[in-house]
Amino acid sequence: MNSKWDRSTICVQGGYEPGNGEPRVLPIYQSTTYRYDSAEELAKLFDLESPGHMYTRISNPTVEMVEKKIADLEGGVGAMMTSSGQAASLISVFNIASSGDNFVMMGNLYGGTTNLFLVTMRRMGIEARVVTSGMSDEEIISCFDSRTRCFFGETIANPSLEVFDFDRFVPLAHRMGVPVIIDNTFATPILCSPFDYGVDIIVHSTTKYMDGHAMVVGGVIVDSGNFDWEKSGKYPELTKPDESYHGVVYTKQFGRSAYITKARTQLMRDLGSTPQPMSAFLLNLGLETLHLRIRRHSENALRVAEYLSSRRDIIESVSYPGLPGDKEHGRAVKYLRDGMASGVVSFVIRGGRERAMKFMDSLRLAEIVVHVADARTCVLNPASTTHRQLSDEMLRAAGIEPGFVRFSVGIEDAGDIIRDIEEALAKCL
Ligand SMILES: Cc1ncc(COP(=O)(O)O)c(C=O)c1O
């Protein structure tokens, strides 16, 4: 597809171009395996000498077409879908880090990613070093050493909603000779294009806005093709022969696609965190309307944030980067298209955990679920669910107020969503 098309056109038509007489809709290739005329042809595939599919753990035509659409949306040289966002985050770092190495992560990442990086990857011998935007450049630079392999952040952090300061952190990481990996889940390629700000690799939990209908868990890694692995001299796994693949040197054989090719041919082959063809088909349905939905989510969320800000009698604080006056608003206007900041609004309700639970029980339209970024409005109070084992003191130490509510604004009528909130608040007074 012409990569000059606008993102909305790519959402609808990217990735799949049917030939004469072929199905108009993306076909589901529900096959684990592929036939070849000769043993030699298959051998060439194994040697990575010719393109093609050999086994669905590694690649599949339906999945490939959705990968192409996402790569085009982000402006990358290639993408690899995974079975979940967690798998995408793990593989994105593990592709360039081994036991004994370390990497730098922002302290505001999604809780599941934080646990993966600080606990599970530690057990693999890879150390994550935590930095925050409150630290000085000198303090952050002191976290890097010769074994530091990347810098990892989120465009709009879940759930603090801090907006990543690209112009500060990307040049800093590059000065230290490492690539920047960004989780662009909440912003989506429609609101933010991290590659335009020098980011090298993007990951997504496609489970969120890209799918948008809470149907399929999935993830994706997108490679900008811009990081110079050879020049930096720190990445032998890409620039020296891979013994597990007949001595292939990824940078020599695949040039700008070295990183994403290695992720697939080595790590997807070995770890098998594979997306299913049917999941790719469903994800593609979601992607076809992403550009429309994310705009509506953002418009509705702004109205909800404005309403909540007018209820200081019961609402202690509201966070929404799209809201003028919000501490993240400057960065939202700078990095997010039209200052649109997706559908997630956080607020603290006066009266702590009990009142937050009463409020949530009183909602009729917004549903209580462990999810965000759904077409249907949904809500979660970490103190009574994901973090319920923590005391109020422990919660505050973790930066979460007991009355903190994460409200994921859907694409229903904004007036109905606000009326639902208003009625639920009235029951809590
Ligand atoms: C920002 C972000 N990144 C990654 C993940 C993990 O994705 P998944 O649940 O698809 O494994 C999530 C899940 O909530 C998330 O919100």
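The values are calculated or read from the model by the stated rules, or taken from the named source; none is laboratory data. All values reported here derive from a predicted model rather than from experimental measurement. Here the Cβ is made from the backbone with ideal geometry for all residues, glycine too, and neighbour counts use every protein chain on show. Protein only, heavy atoms only, side chains kept; ligands, DNA and RNA dropped before computing areas. Shrake-Rupley method; radii C 1.70, N 1.55, O 1.52, S 1.80 Å.
Taking the stretch 348-388 as the search range and keeping residues that are part of a helix (DSSP H, G or I) and aliphatic (A, V, I, L, M), which one is surrounded by the most Cβ atoms within 10 Å (Cβ to Cβ)?
That would be Ala356.
Would you say Lys327 is of a type in the set (Lys, Arg) and farther than 30 Å from Cys428 by Cα?
Criteria not met by Lys327.
Count, please, the residues in the stretch 1-30 that happen to be under 21 Å from Met54 (Cβ atoms) and without any contact (Cβ under 8 Å) to a residue 40 or more places away in the chain.
Going through the stretch 1-30 one residue at a time, the tally reaches 1.
Checking Asp228 against (1) more than 13 Å from the ligand (Cβ to nearest atom); (2) over 17 Å from Ala263 (Cα atoms); (3) open to solvent by 10 Å² or more (accessible area, probe 1.4 Å), which single condition isn't satisfied?
(2)
To keep it simple, each residue is scored yes or no on (1) touching a helix residue (DSSP H, G or I) at 6+ places or on another chain (Cβ under 9 Å); (2) free of Cβ contacts under 8 Å to residues at least 60 places away in the same chain; (3) among the basic types (Lys, Arg).
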{"site": "Thr114", "(1), (2), (3)": "no, yes, no"}
{"site": "Phe117", "(1), (2), (3)": "yes, yes, no"}
{"site": "Glu127", "(1), (2), (3)": "yes, yes, no"}
{"site": "Val131", "(1), (2), (3)": "yes, yes, no"}
{"site": "Ser136", "(1), (2), (3)": "no, yes, no"}
{"site": "Asp145", "(1), (2), (3)": "no, yes, no"}
{"site": "Phe151", "(1), (2), (3)": "yes, yes, no"}
{"site": "Pro159", "(1), (2), (3)": "yes, no, no"}
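Being buried (at least 22 other Cβ atoms within 10 Å of the Cβ) and assigned to a loop (DSSP other than H, G, I, E, B) is the filter here, so list the residues in the stretch 302-322 that pass it.
Within the stretch 302-322, Tyr320, Pro321, Gly322 meet the criteria.
Tally up the residues in the stretch 231-269 that are assigned to a helix (DSSP H, G or I), touching a residue at least 24 places away in the same chain (Cβ under 8 Å), among the charged types (D, E, K, R) and open to solvent by 30 Å² or more (accessible area, probe 1.4 Å), please.
Of the residues in that region, 4 qualify.
Phe166 passes all but one of (1) touching a residue at least 60 places away in the same chain (Cβ under 8 Å); (2) more than 12 Å from the ligand (Cβ to nearest atom); (3) over 30 Å from Gly322 (Cα atoms); which number fails?
So Phe166 meets the others, but not (3).
I'd like to know if the stretch 268-285 contains one or more residues that are small (Gly, Ala, Ser) and over 30 Å from Thr377 (Cβ atoms).
Yes, because at least one residue in the stretch 268-285 is small (Gly, Ala, Ser) and over 30 Å from Thr377 (Cβ atoms).
Spot the failing condition for Arg355; the list is (1) closer than 25 Å to Ser84 by Cα; (2) in contact with a Gly (Cβ under 7 Å, 6 or more places away or on another chain); (3) of a type in the set (D, E, K, R), and only one is missed.
Checking Arg355 against (1) closer than 25 Å to Ser84 by Cα; (2) in contact with a Gly (Cβ under 7 Å, 6 or more places away or on another chain); (3) of a type in the set (D, E, K, R), the one that fails is (1).
State all residues of the stretch 169-190 that are among the aliphatic types (A, V, I, L, M), more than 12 Å from the ligand (Cβ to nearest atom) and either in a loop (DSSP other than H, G, I, E, B) or in the same structural domain as Gly330 (by TED's automatic domain parsing) (or both); if no residue qualifies, say none.
Correct list: Met176, Val178.
Which residue is farthest from the ligand (Cβ to nearest atom), if the candidates are limited to the stretch 344-393 and must be among the charged types (D, E, K, R) and farther than 20 Å from Ser317 by Cα?
Among those that are among the charged types (D, E, K, R) and farther than 20 Å from Ser317 by Cα, it is Arg364.
Within the stretch 191-220, how many residues turn out to be among the hydrophobic types (A, V, I, L, M, F, W, C), within 12 Å of the ligand (Cβ to nearest atom) and assigned to a strand (DSSP E or B)?
Result for the stretch 191-220: 3.
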